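> The structure under discussion is supplied below as structure tokens; questions concerning it will follow.
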Amino acid sequence: MDLGNEVQKILSWTSVCGNLALHLIWLIVHLIINVWYSALGIARVVENTLISSGLLKSYNAINISKVRYLAVVIDSEEARQTSKVLELLRWLASIGVLKKSQTAIIEGLNKSQKATASKIKSQEAIVEGSNHGTLVEHVDLEFVSFADSKPAVAKAANLLFAKHYASTILEKPNFTESDISEALQAVGYGGPEPDLLLVYGPVRCHLGFPAWRIRYTEIVHIGPLKSMKFGSLIKAIHKFTKVHQNYG
Amino acid sequence: MVQKGAPLHKGATLRKITTHWKVHNHSMTIQSEKVDLGARSCISSRVDMEGVNGKSVGHLFENISSFVRQCIFSVLNVGPVPSHIAFIMDGNRRYSKKQNLLDGDGHRAGFSALINMLKYCYELGVKYTTVYAFSIDNFKRRPGEVASLMKLMQEKIDELTQEESIVNRLGIRIYFQGNLKLLSDCVRSAAERAMVKTSGNSRAVLSICVAYTSTDEIVHAVQESCEEIWDDIRKREVNNAEGNFVGLKENGKDENEHRVGLTDVDRHLYMSVCPDPDIIIRTSGATRLSNFLLWQSAHCLLYSPTALWPEIGLRHLIRVILDFQRNFLYLKAKKKQS
């Protein structure tokens with residue numbers, strides 16, 4: 001019995017030491033990862049500065065016409081930095097993304113920010129801040145939120161129910177994707193599918209952008225809004241212009 | 001003999017090593033079983049000392065790599081581990097061209113990669129794994145290629161459901177998610193057989209998305225929700241007609257409640273058997289979801305390694321798990337907000 005208790009004590013002590021060792025190794029691994037990401041961050045800052053200054057010639061000429069619809073998702077906490085949001089919109093305008101034939105779809109802004117950003121729609125301005133200063137006439141902006149995603153599909157479903165499930169139906173309807181698209185449009189939640197979705201936040205995650213509209217959208221993570229750089233925006237759009245999709 | 005994982009207690013961290021000796025026919029068989037309750041995994045290894053041959057060297061190598069893997073997973077299990085990982089298996093054809101293989105061999109290599117990832121996910125403690133095997137859009141490919149893919153799929157489904165396959169050894173239940181009516185009869189039957197044969201397994205879940213797109217899934221869910229509401233209304237009407245009039249308030253339902261709600265659509269999705277994925281991994285560097293789990297991926301970490309699917313390995317899984325752990329609190333907070 002004493003021997004059994006001793007063995008149990010030793011095993012228990014070994015297990016506690018083992019767990020502590022595992023925790024320590026885990027902390028060390030994450031410390032190394034954080035140092036690595038910090039180093040990557042510094043390298044990105046240098047690269048973005050070179051891009052912004054025009055020294056990296058491959059980024060000077062971008063075929064912006066390939067981006068018909070650009071979406072931007074901003075983390076709701078980060079979107080409180082209104083000045084940063086407006087700066088981003090000015091950058092997008094300066095690149096030439098926000099023209100009459102193109103639309104920017106923004107998710108994550110609150111009411112007052114939408115109101116402020118909407119003012120840009122009716123202004124003519126020469127946008128500064130890059131080598132690509134352009135006269136901007138009209139900026140086409142669409143604002144979406146979580147309500148445009150899953151709740152919108154539920155509303156569309158109710159519209160289809162009211163339309164197709166009359167009190168005396170002879171044949172069961174067979175919904176198609178076109179029916180859902182039309183229903184979404186009818187309830188006010190239609191819209192184009194963006195080609196490119198830029199995520200401003202700590203994690204690469206689309207944060208609930210309307211599911212129906214991002215089937216083949218390239219989702220690119222830029223980084224936190226507070227440390228956004230013009231060069232990273234250029235790089236993301238440049239990379240997108242090189243992408244080829246099979247659609248099957 | 002490989003043993004199935006022993007039942008594990010949640011949160012337990014005790015490491016138990018037992019050694020079992022057996023002498024048989026002038027050969028010594030050492031069988032050791034390691035049960036790491038914290039990692040929710042069980043490995044069983046056998047070192048056969050009957051002479052030195054290629055088989056025993058192979059076993060030895062497998063045991064060593066398994067041991068190293070277990071050590072790595074023990075460290076990873078100190079932090080949060082995702083409960084659901086989804087994979088978009090992109091790059092099989094490019095791998096085939098890159099390695100100068102015959103058509104179809106890239107997909108076979110992809111299947112081996114799938115089995116490895118399934119094993120790693122199981123050992124790590126990831127309960128739900130989902131793979132995007134065949135999209136509805138893939139039917140647009142050359143008929144010859146589609147037919148060959150269907151044939152390979154049927155062959156691999158039958159392999160997976162055999163008694164000694166990894167799926168049954170590890171106690172994994174298989175679901176085939178998608179518009180299965182679009183599949184040929186033999187593939188659909190093989191899929192249905194696999195689901196029935198593995199219905200008794202409960203340690204982990206593998207969802208294979210075949211003839212699937214997210215938009216088709218949403219259409220199906222909306223249709224089913226409408227059908228359910230319609231059936232409810234019909235039943236009430238029948239009750240009323242038979243004189244079993246139930247007041248509007250007595251049965252708790254009125255006209256306003258005969259509406260499709262968000263939870264109704266959620267319930268009727270193909271993927272309602274699993275929680276939302278924590279991580280979606282798409283290989284070959286592409287940054288789009290290609291109509292995969294669009295509804296379920298609102299707060300999901302997206303990862304796009306440049307490796308082609310048959311090249312995916314343990315290092316990619318470790319990397320994304322570490323990323324997940326770094327951002328776990330943020331993703332958890334976002335999920336709560338919604």
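The values are calculated or read from the model by the stated rules, or taken from the named source; none is laboratory data. If you're wondering where the values come from, they're calculated on a predicted model, not measured in any experiment. Cβ: placed from backbone, ideal geometry, glycine included. Neighbour counts: every protein chain shown.
> Within the range B:290-324, which residues are within 7 Å of another protein chain (Cβ to nearest Cβ) and either farther than 30 Å from A:PRO151 by Cβ or of a type in the set (Phe, Trp, Tyr) (or both)?
B:TRP295, B:LEU322 - these are the residues of the range B:290-324 that are within 7 Å of another protein chain (Cβ to nearest Cβ) and either farther than 30 Å from A:PRO151 by Cβ or of a type in the set (Phe, Trp, Tyr) (or both).
The rows are residues; the columns are (1) of a type in the set (Lys, Arg); (2) touching a helix residue (DSSP H, G or I) at 6+ places or on another chain (Cβ under 6 Å); (3) not in a helix (DSSP H, G or I).
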{"residue": "B:SER207", "(1), (2), (3)": "no, no, yes"}
{"residue": "B:VAL219", "(1), (2), (3)": "no, yes, no"}
{"residue": "B:GLU227", "(1), (2), (3)": "no, no, no"}
{"residue": "B:TRP230", "(1), (2), (3)": "no, no, no"}
{"residue": "B:ASN240", "(1), (2), (3)": "no, no, no"}
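> Do we have any residue at all in the range B:230-238 that's aliphatic (A, V, I, L, M), within 25 Å of B:SER297 (Cβ to Cβ) and more than 10 Å from chain A (Cβ to nearest Cβ)? First the steps, then the outcome.
Keep residues of the range B:230-238 that are aliphatic (A, V, I, L, M), which gives B:233, B:238.
Now restrict to residues that are within 25 Å of B:SER297 (Cβ to Cβ): none.
Looking for residues that are aliphatic (A, V, I, L, M), within 25 Å of B:SER297 (Cβ to Cβ) and more than 10 Å from chain A (Cβ to nearest Cβ), one finds none in the range B:230-238, hence no.
> Hey, another quick one. Looking at the range B:103-124, is at least one residue part of a loop (DSSP other than H, G, I, E, B) and modelled with pLDDT under 90?
Yes: one or more hits.
> Here's another thing I want to ask about it. I'd like the full set of residues that are touching a Pro at 6+ places or on another chain (Cβ under 8 Å) and within 7 Å of chain B (Cβ to nearest Cβ), limited to the range A:184-212.
Passing the criteria: only A:PRO202.
> Would you be able to say whether some residue in the range A:63-76 is more than 24 Å from the chain's Cα centre (by Cα) and part of a helix (DSSP H, G or I)?
no
> Would you point out which residue out of A:SER181, A:SER130 is in contact with a Phe, Trp or Tyr (Cβ under 8 Å, 6 or more places away or on another chain), within 30 Å of A:ALA236 (Cα to Cα), more than 8 Å from chain B (Cβ to nearest Cβ) and at pLDDT below 85?
Result of the check over A:SER181, A:SER130: A:SER130.
> What tally of residues in the range B:325-338 results from selecting those that are among the small types (Gly, Ala, Ser) and at the interface with chain A (Cβ under 8 Å from one of its Cβ atoms)?
1
> Is it the case that B:ALA286 is at pLDDT below 95, more than 7 Å from chain A (Cβ to nearest Cβ) and under 25 Å from A:VAL243 (Cα atoms)?
Yes.
> Those residues that are aliphatic (A, V, I, L, M) and either at pLDDT 90 or above or not assigned by the TED database to the domain that holds A:ASP75 (or both), I need them from the range A:209-235; list them, please.
A:ALA211, A:ILE214, A:ILE219, A:VAL220, A:ILE222
> Does the range B:304-319 hold any residues that are buried (at least 21 other Cβ atoms within 10 Å of the Cβ) and outside any loop (DSSP other than H, G, I, E, B), and which are they?
Listed by number, the residues that qualify are B:TRP309, B:PRO310, B:LEU317.
> Sort through B:LEU170, B:LEU206, B:LEU149, B:LEU180 and tell me the only one that's within 13 Å of chain A (Cβ to nearest Cβ) and surrounded by 13 or more Cβ atoms within 10 Å (Cβ to Cβ).
B:LEU149
> Could you look through the range B:125-143, keep only residues that are free of Cβ contacts under 8 Å to residues at least 24 places away in the same chain and in a helix (DSSP H, G or I), and pick out the one that is surrounded by the fewest Cβ atoms within 10 Å (Cβ to Cβ)? Outline the logic, then answer.
From the range B:125-143, those free of Cβ contacts under 8 Å to residues at least 24 places away in the same chain are B:138, B:140-143; that's our starting set.
With the extra rule that they be in a helix (DSSP H, G or I), the set shrinks to B:138, B:140, B:143.
Numbers: B:ASN138: 19, B:LYS140: 11, B:PRO143: 8.
Once the filter is applied, the top-ranked residue is B:PRO143.
> Sticking with this structure for a sec: Mind checking which residues of the range B:318-338 are in contact (Cβ under 8 Å) with a residue 60 or more places away in the chain and over 26 Å from A:ALA211 (Cα atoms)?
Across the range B:318-338, the qualifying residues are B:ILE318, B:LEU322.
To keep it simple, each residue is scored yes or no on (1) crowded, with 20+ Cβ neighbours inside 10 Å; (2) modelled with pLDDT of 95 or more.
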site: B:ARG193; (1), (2): no, no
site: B:THR198; (1), (2): yes, no
site: B:HIS220; (1), (2): no, yes
site: B:ASP232; (1), (2): no, no
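> Which of the residues belonging to the range A:213-228 are more than 9 Å from chain B (Cβ to nearest Cβ) and part of a loop (DSSP other than H, G, I, E, B)?
Across the range A:213-228, the qualifying residues are A:PRO224, A:MET228.
> How many residues does the range A:181-212 contain that are closer than 28 Å to B:GLN223 by Cβ, without any contact (Cβ under 8 Å) to a residue 60 or more places away in the chain and either in a strand (DSSP E or B) or of a type outside the set (A, V, I, L, M, F, W, C) (or both)?
Selection size over the range A:181-212: 6.
> Let me ask something else. Looking at this structure, is B:VAL260 more than 27 Å from B:CYS71 (Cβ to Cβ), of a type in the set (A, V, I, L, M) and modelled with pLDDT under 90?
Spelling it out, B:VAL260 is indeed more than 27 Å from B:CYS71 (Cβ to Cβ), of a type in the set (A, V, I, L, M) and modelled with pLDDT under 90.
> How many residues are more than 25 Å from A:GLY190 (Cα to Cα) and of a type in the set (Ser, Thr, Tyr) if we restrict to the range A:211-247?
Here the count works out to 3.
> Could you check, for the range A:42-54, whether at least one of its residues is over 22 Å from A:PRO194 (Cβ atoms) and assigned by the TED database to the domain that holds A:VAL220? Outline the logic, then answer.
Step one: list which residues in the range A:42-54 are over 22 Å from A:PRO194 (Cβ atoms), which gives A:42-54.
Now drop any that are not assigned by the TED database to the domain that holds A:VAL220, which leaves none.
No, every residue in the range A:42-54 fails to be over 22 Å from A:PRO194 (Cβ atoms) and assigned by the TED database to the domain that holds A:VAL220.
> Just for the range B:153-205: of the residues that are of a type in the set (A, V, I, L, M), part of a helix (DSSP H, G or I) and over 15 Å from the mean Cα position of the chain (by Cα), which one is farthest from B:LEU124 (Cα to Cα)?
B:LEU182
Conditions (1) in contact with an Asp or Glu (Cβ under 7 Å, 6 or more places away or on another chain); (2) surrounded by 15 or more Cβ atoms within 10 Å (Cβ to Cβ), marked per residue:
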residue	(1), (2)
A:ASN48	no, yes
A:LEU56	no, yes
A:ASN60	no, no
A:SER65	no, no
A:VAL73	yes, yes
A:GLU78	no, yes
A:THR82	no, no
A:LEU89	no, yes
